[in-house]
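S.K.: I have a structure here, written as structure tokens, and I will follow up with some questions on it.
Where a number appears in this text, it was derived from the coordinates with a stated rule and is not lab data. Worth saying up front: this structure is predicted, and the values here are computed from it rather than measured. Every residue, glycine among them, receives a Cβ derived from its backbone with ideal geometry; neighbour counts consider all protein chains shown.
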Amino acid sequence: MILSNFERMIQLADEVFAVKSDPSQLDVNQEVRERLLQIHPDTISAHDDGNGPVAWVLLIPTTIDLMNRFLKNEISEKEMFNLTPLNIKYEAIYLCSALVLDEYRRKGITRQLALNAIENIRTTHPLQAAFVWAFSPEGDLAAENIARLAGLSLYKKEK
């Protein structure tokens, strides 16, 4: 049976992040999606090849204080998300996740989705820093490249 792009993306998310077995991670369900869109409409980005999504990027604007608490392991990813207040000016952006189907990798899709989202978020929020909890060497390199191109200092949490 051939899986749709959407089904393949869900399968990839489960394989890479294993959120079902780690309660500290953010499990993106409908309720989380709605809150993300309240934080900012550009928190979730997708690239569709006409047959469904082939790439997803999730960015979470938040405060410098919550960024630092997360990086110091004082709070989990899920707690950072839940503690992020609504309707304030955000100074930091969490490069939360990027997923791309194998045959679409290394084409700049993640970079473009992330940079467009950051640019749109910056129109109303004075972003000063980016931070990441990379799950792969590719994710780490992508975060470094995105932060550099966006002109943001990058801070990293160890896996």
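S.K.: Order these peptides, 43-51, 128-136, by their mean beta-carbon neighbour count within 10 angstrom, highest first.
M.R.: Details: 43-51: 14.7, 128-136: 18.8.
In descending order of packing, they fall as 128-136, 43-51.
S.K.: Then there's this: Whole-Hz Karplus ³J(HN,Hα) for segment 111-123, in order, using 6.51 cos²θ - 1.76 cosθ + 1.60 and θ = phi - 60°, x for Gly and Pro?
M.R.: 4, 5, 4, 5, 5, 5, 5, 4, 4, 5, 5, 5, 5
S.K.: With a 10 Å Cβ neighbour count serving as the proxy for reagent exposure, in which order, fewest first, do Asp27, Asp42, Asp65 appear?
M.R.: Fewest to most other Cβ atoms nearby, the residues stand as Asp65, Asp27, Asp42.
S.K.: Follow-up question, since we're still on this one. Quick one: angle between helix 30-39 and the longest Cα principal axis of the chain, in degrees between 0 and 90, rounded to 10, please.
M.R.: Tilt of helix 30-39: around 50 degrees.
S.K.: Rounded to the nearest 10 degrees, what's the angle between the helix 137-150 long axis and the longest principal axis of the chain, both from Cα atoms, 0 to 90?
M.R.: 60 degrees
S.K.: Mind listing the Cα extents of segment 5-156 along all three principal axes, in Å, largest one first?
M.R.: Principal extents (Cα only, largest first): 38, 33, 28 Å.
S.K.: Place a +1 charge on the Cβ of each Lys and Arg in the chain and a -1 charge on the Cβ of each Asp and Glu, then give the dipole magnitude about the Cα centre in debye, rounded to the nearest 20.
M.R.: The dipole of the chain has a size of about 400 debye.
S.K.: Still on this structure, I have one more. Could you list the square roots of 5 times each eigenvalue of the Cα gyration tensor of segment 71-152, that is, the equivalent ellipsoid semi-axes, sorted largest first and rounded to whole Å?
M.R.: 22, 17, 11
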